[in-house]
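Here is the structure we will look at, set down as C-alpha cells.
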Amino acid sequence: MFAGSNLEKVLANGHFAITGELGPMRGTDLGPCLEHAEHMRNHVDAFNITDNQTAVVRIASMATAIKLVERGMDPVMQMTVRDRNRICLQADVLGGASCGVKNFLCIQGDHQTLGSEPQAKGVYDVDSTQLMKVIKDMRDENKFVSGDEMEAPLDAFIGGVVNPFADPFEYRPARFAKKIAAGVNFVQTQCIYDMDRLKEYMKRVVDMGLHEKCYILAGITPLKAIGAAMYMKNNVAGIIIPDEIVKRLKGAKEKPGGVKAEGLKLCVEQIQQVKEIEGIHGAHIMAIAWEEKVPEIVEAVGGLMPRPKFDD
Amino acid sequence: MIIGERKPLEEVFDRTSSFNKILVLGCETCVAVCLAGGKKEAEETAEAISLHRKKENQPVEVKAESVQRQCEFEFIDEFKDLMNDYDVVLSLACGVGVQTMVDRYPEKIVLPGLNTTFLGYPLEQGVWMENCQACGDCVLDKTHGICPITRCTKSMLNGPCGGSSEGKCEISGDIEIECGWHLIHERLKALGKLDYMEEVEPPKNWSTSFHGGPRKIVREDVKIVRGE
C-alpha cells in the first residue's frame, strides 16, 4: 500500500473500482458540489476533483478535497501543472496530505488560452510526467525536487491520465510506460466512445505488461444531448466520437425518454464493455453537469453494488 | 532572427500626437528581413503620420531613416547630429534596438513602433514562425533539432499531451499550430532514435532562462580593460 486510500484498497483487493468526477463551483458556495458527492457516496469508491477544469476558474481542488475528507469520503485531488510551479505544486501536495488527502492525480491541464482567462500566463515549470516523479520522490525518498529532506513523510497514491484517442497513436502505450517509470500508480483514460480504438490500445498495453504495473480506470462520460456530442466530436482535441454513436442518439429522439435515456443506456453499455477488456481495473464516470445520474448508472451496470467497504 | 510586427497605425498616431518633429528610425537587420521595420517600412510609417497630421490640421516634420543595426552603439552613433533636429524617435527596431537608443541618447524620447514578437524564421513568404525561446540550456541535441520548449504549447519535456490530434495542437484555431511533440516523434522515428521518447526527462533548470532574472553574460577573455 502506498497510501491506503479507499480507492487504493478497492483496487488492491481486485475489485472493479468506480470513481465519480466532481467539478467545484465558480463562486464561494461549494454546496452543490458536496450535494453531488453525498448523492453518489454509496455508489463510488473515490471522488475525482477537477482542478480549474478546462482552464476555467473554480474553487481550488485542494479545498474541495479537504471538505470531502472531513465528510469521510476519499478524494482524488487533481493537480494541473498549468497554474503552479514546483514550489506551489509541492506545497499543495503537502497541504492536501496534511489534511488527509491520499490520492493525487497529475495532469497537464487544458491550455489557458482555451479557458476563462485566455490572457493568463501559463506556468508549465514541470510537466505532468515530471510531477508524478516529484511526488514519488517525496513519498519514496523523502525528498523535494531540490534534494532537500522533508520534515515528515508523505503517503500518496499517485494518479495520472492516459489518452488512447490522442496522436501519435503508436506512441501512446510508450508514453504510458514512461508515466509508470515516473511513478504513476493508477491512471484514468480520456472519455471513451471509440471502443475499437480502446481495445487496440489495451491490447498493446497488455502486451507490454503495463496493466500489471498500474491500475487503469476507463473514462466514461454519458452523453446528455446531441449538441454536446457534436461539440466534443468537432471541438475537443483528443476525443473521438464515432458517427454511429451520433446516429444512435439522433435515432432516439422519438423514443420514450429520448436522447437522454439513450445516452444513459449507452453509458451503461460502455461500462459493461470495458469491464470485459483485459487490463481495465475500473471505471471513472465523468457525468459532467449530470452528476445526479451516477447512482442510476452504477446500479444499471449490474454486479457493482454494494461497493466494497474496508475497516480502517 | 528577431521577428516583429508593426504596431497598429492608430496606436502610433496616438503616441506621437504631442510631438512636432519626429524621426522614424528603421533597422536593416532582423526586422527589415521580416518586412516590419526596415527603411521601406520607416518611409511608409513616416508618410502615414504626415498624412494623418495634415488631416488633423496639425502638420508635423517627419523624417524616415534607417540604420544597419540599431542594437549596437557603433552603428547608432552616426545619428548623433540628426538626433538634435528631432524631439522624438519612433523606432521600428525590436525592443533591443529601442533600448539601445535610449541608452545612447538618454535625453531623447524613443518610442517603439513595433511589437517585438519572437525569435523565429520565415517559413514561407508572408509566414513567420517562432522556434526558440532562448531558454539558456539548449536541448535540441536530444530532440534532434525541434525545440520542445517552443514548439510544444505547454513546453513539455516528456512527449505530447492528450490534446495532440492528427499532428495538431489543441490550441489550433484559425491559425493551425502543429504539435511539437508529434513533429519530434516523426523526426526521431525517421532517424531510428525513438528510444529517447521513452526516457523520463527530469524537471528543467529554468534559472538559465529569464526565470533566473534578466540575463547578462560577462566574458573576461574578450573584455577590454581600460587604462592598461
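The values are calculated or read from the model by the stated rules, or taken from the named source; none is laboratory data. All values reported here derive from a predicted model rather than from experimental measurement. Heads up, the Cβs are rebuilt from the backbone with ideal geometry, glycines too, and the neighbour counts pull from every protein chain shown. Heads up: the accessible areas ignore ligands, DNA and RNA and are worked out on the full protein's heavy atoms, side chains in. Shrake-Rupley method; radii C 1.70, N 1.55, O 1.52, S 1.80 Å.
Does the protein assembly as shown come out rounded, prolate or oblate by the C-alpha gyration tensor, with a ≥ b ≥ c the root eigenvalues, rounded set by a/c under 1.5 and, if not, prolate when a/b is larger than b/c and oblate if not?
Numbers: a/c = 2.39, a/b = 1.97, b/c = 1.22.
Taking the square roots of the gyration eigenvalues as a ≥ b ≥ c, the protein assembly as shown is prolate.
Suppose R0 equals 41 Å. What FRET efficiency, 1/(1 + (r/R0)^6) with r the Cβ-Cβ distance, do residue B:124 and residue A:289 give to the nearest 0.05?
The value I calculate is 0.40.
Counting alpha carbon pairs within less than 8 Å and at least 6 residues apart, what relative contact order, in whole percent, applies to the stretch A:5-67?
In percent, rounded to a whole number, it is 37.
How many nm is it between the label spots at residue B:189 and residue B:10, if each spot is 7 Å from the Cα in line with the beta carbon?
According to this spin-label approximation, the distance is 4.6 nm.
Going through the cross-link list A:133/A:233; A:178/B:154; A:178/A:224; A:199/B:142, which pairs have a Cα-Cα distance over 30 Å in this structure?
A:133/A:233; A:178/A:224; A:199/B:142
Which of B:155, B:172, B:50 ends up with the largest GNM mean-square fluctuation for chain B, with Cα atoms connected below 10 Å?
Judging by the Gaussian network model, the answer is B:172.
With the crude spin-label approximation of a point 7 Å out along Cα→Cβ, what separation in nm comes out for residue A:87 versus residue A:121?
1.2 nm
Other chains near A:106-117: what is the mean number of their Cβ atoms within 10 Å of each residue's Cβ?
Other-chain Cβ atoms within 10 Å of each residue's Cβ, averaged: 3.
Rounded to the nearest 5, what is the percent of antiparallel bridges among the DSSP beta bridges in the protein assembly as shown? Don't skip to the end; give the middle numbers.
Values: 13 of 60 bridges.
Once the DSSP bridges in the protein assembly as shown are tallied, antiparallel ones form about 20 percent.
Of all DSSP beta bridges located in the stretch A:102-189, what percent are antiparallel, nearest 5? Can you show the working numbers first?
Details: 1 of 9 bridges.
That works out to approximately 10 percent antiparallel.
What is the list of residues in the stretch B:98-131 whose amide nitrogen lies under 17 Å from a point 7 angstrom out from the Cα of residue B:21, following Cα to Cβ?
From the stretch B:98-131, the list is B:105-111.
Tell me the label-point distance for the pair residue B:200, residue B:99, using the 7 Å Cα-to-Cβ offset, in nm and rounded to one decimal.
According to this spin-label approximation, the distance is 3.9 nm.
In peptide B:190-201, how many Cβ atoms from other protein chains are near each Cβ within 10 Å, on average? Before the final figure, lay out the partial values.
Working: counts 0, 0, 0, 0, 3, 1, 0, 5, 6, 2, 10, 6.
If you average over the peptide's residues, the count of other-chain Cβ atoms is 3.
Evaluate E = 1/(1 + (r/R0)^6) for residue B:144 and residue A:208, where r is the Cβ-Cβ distance and R0 equals 30 Å; express this FRET efficiency to the nearest 0.05.
That gives a FRET efficiency of 0.75.
Write down the accessible area per residue of the stretch B:102-212 in Å², having rolled a 1.4 Å probe over the full set of protein chains. Could the numbers behind the result be given before it?
Numbers: 5890 Å² over 111 residues.
Accessible area per residue: 53 Å².
Using a 10 Å cut-off on Cβ to Cβ distances, tally the other chain neighbours for every residue of B:144-157 and report the average as a whole number. List each step's numbers first, then the result.
Numbers: counts 0, 0, 0, 0, 1, 1, 0, 0, 2, 5, 12, 7, 8, 5.
Across the residues of B:144-157, the mean count of other-chain Cβ atoms within 10 Å is 3.
Probe radius 1.4 Å, ligands and nucleic acids left out: can you give me the accessible area buried at the B-A interface, summed over both chains, in Å² to the nearest hundred?
On the way: alone 14070 and 13940 Å², together 25680 Å².
The summed interface area works out to 2300 Å².
Scan around residue B:132 for amide H atoms under 5 Å from its own, H built in the peptide plane at 1.01 Å from N, and keep only partners 5 or more places away or cross-chain.
B:119
May I ask you to list the trypsin sites (Lys or Arg not before Pro) in the stretch A:7-54 that are in a DSSP loop and have at most 15 other Cβ atoms within 10 Å of their Cβ?
Loop-located and lightly packed - A:26.
If contacts are Cα pairs under 8 angstrom and at least 6 residues apart, what is the relative contact order of chain A in percent?
19 percent
On the accessible surface of chain A, probed at 1.4 Å, how many percent belong to carbon and sulfur atoms? Can you show the working numbers first?
Numbers: 6400 of 12750 Å².
Here carbon and sulfur together make up 50 percent of the probe-accessible area.
Could you list the GluC sites (Glu not before Pro) in the stretch A:226-301 that lie in coil according to DSSP, counting only those with at most 12 other Cβ atoms within 10 Å of their Cβ?
Counting only loop positions with at most 12 other Cβ atoms within 10 Å, the GluC sites (Glu not before Pro) in the stretch A:226-301 are A:254, A:276, A:278.
Using θ = phi - 60° and the Karplus relation 6.51 cos²θ - 1.76 cosθ + 1.60, list the HN-Hα couplings for the stretch A:257-269 in order, rounded to whole Hz, with x at every Gly or Pro.
In residue order, the calculated couplings are x, x, 4, 4, 4, 5, x, 5, 4, 4, 4, 4, 4 Hz.
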